[in-house]
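Notes follow once the structure below has been shown.
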Amino acid sequence: QVQLVESGGGLVQPGGSLRLSCAASGSIFSAYNMGWYRQAPGKQRELVATISNNGRLNYADSVKDRFTISRDNAKNTVYLQMNRVKPEDTAVYYCNAERYDIRFWGQGTQVTVSS
């Protein structure tokens, strides 16, 4: 079992920056592939970025060159640095931990991009 708690969401102006954090507990964090997903109102949940247990990165085309995912295994935490945000980045952002096709989700954190 893995417990995930996201933080860092809030209101940000277009073009601004925000950093999301996801603290994990309950299992061997370094063994898990970690990811960030988001869900906007009326839309399906979609992948934002993932980082594997060996550091391989993957990004949705919509966030490439703007967002950066990273992990600190010593702190059991995964981060999402969001730069040059756009109104279409508005969504609830969820942290995900995956291993052997078993997934755990956090409760989500709201990110609103608006002037």
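Within the same chain, lysines fewer than 8 places from LYS64 are excluded, and of the rest, those with a Cα less than 23 Å from its Cα are LYS43, LYS86. Legend: residues ASP61, ASP89, sorted from most to least accessible area (1.4 Å probe; ligands, DNA and RNA excluded), read ASP61, ASP89. Rolling a 1.4 Å probe across all protein chains gives PHE29 an accessible area of roughly 10 Å².
The range 31-93: percent of C-alpha pairs farther apart than 15 Å? So the pairs more than 15 Å apart make up 50 percent of the total in the range 31-93.
If a paramagnetic tag sat 7 Å from the Cα of ASN53 along the Cα-Cβ line, which residues of the range 79-115 would have the backbone N under 14 Å from that point? The answer is 97-104. Between the range 92-111 and the range 1-78, what is the separation of their alpha carbon centroids in Å? Computed from Cα coordinates, the inter-centre distance equals 8 Å. For THR90, the solvent-accessible surface with a 1.4 Å probe is about 40 Å², rounded to the nearest 10. Take the Cβ atoms of ARG45 and SER115, set R0 to 35 Å, and the FRET efficiency comes out at 0.85. For the range 1-49, the Kirkwood estimate of hydrodynamic radius, built from reciprocal distances between every pair of different alpha carbons, is 13.0 Å. For GLU88, GLU46, GLU98, the ranking by accessible surface with the largest value first comes to GLU88, GLU46, GLU98, using a 1.4 Å probe. Within the chain, what whole-number % of the accessible surface is contributed by carbon and sulfur, with the 1.4 Å probe and all protein chains included in the calculation? The C+S portion of the solvent-accessible surface of the chain is 46 percent.
By a 1.4 Å probe calculation restricted to protein chains, ARG84 has an accessible surface near 130 Å², given to the nearest 10.
The values are calculated or read from the model by the stated rules, or taken from the named source; none is laboratory data. All values derive from a computational prediction rather than experimental measurement. Glycine gets a Cβ as well: all are built from the backbone with ideal geometry, and neighbour counts include every protein chain shown. Each accessible area value is taken on the protein alone, full model and side chains, heavy atoms only, with ligands, DNA and RNA left out. Shrake-Rupley method; radii C 1.70, N 1.55, O 1.52, S 1.80 Å.
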